[in-house]
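Derivation of every value follows stated rules applied to the coordinates shown; laboratory data play no part. Owing to the predicted nature of the structure, the values given are computational and were not obtained by experimental measurement. Counting neighbours? That spans all protein chains shown, and the Cβs are built from the backbone with ideal geometry, glycine included.
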Amino acid sequence: MARILALDFGLKRTGIAVTDDLQLIASGLTTVETRNLIEFLQAYFHKENVERVLVGEPRRMDDSASGIEANISEFLIFFESKFPQMPVERVDERFTSKMAFQSMIDSGQKKKKRRDKALIDEISATIILQTWLYK
């Protein structure tokens with residue numbers, strides 16, 4: 001089997017999570033600057049077998065699209081032009097940042113570590129991936 005990659009897309013940073021080859025375990029991979037995301041993905045896809053990419057879909061409580069959705073749609077058009085054979089699925093990412101922050105508290109992370117927005121983005125991507133795996 002191949003890995004599944006999840007992205008928590010942001011204007012500045014994008015959190016990335018990935019499964020193991022058996023698609024059983026979701027783990028945070030890294031956070032990259034969004035301007036370097038395509039370059040990172042090209043290198044990662046070259047060295048790892050990835051079956052599909054999941055991209056968080058931010059929604060408001062009334063189920064309308066979040067303000068960043070236009071940026072994500074633009075990114076997805078560019079992504080599909082670079083990786084036309086790679087399937088992309090959207091996953092509801094409501095509350096993932098809050099859940100990521102809470103998981104940091106629950107795991108005993110110090111206050112200084114909880115301010116690390118890159119780590120929150122990576123954990124959020126992991127939650128997106130877990131949501132998809134266990135649906």
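So the values come out like this:
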item	result
Aspartates and glutamates with Cα under 16 Å of Lys135, excluding same-chain neighbours fewer than 8 positions away	Glu57, Glu89, Asp92, Glu93
Local net charge near Ile68, Cβ-Cβ under 12 Å (Lys/Arg +1, Asp/Glu -1)	-2
Cα→Cβ-extended label distance, 7 Å offset, between Ser27 and Arg90, nm	3.1
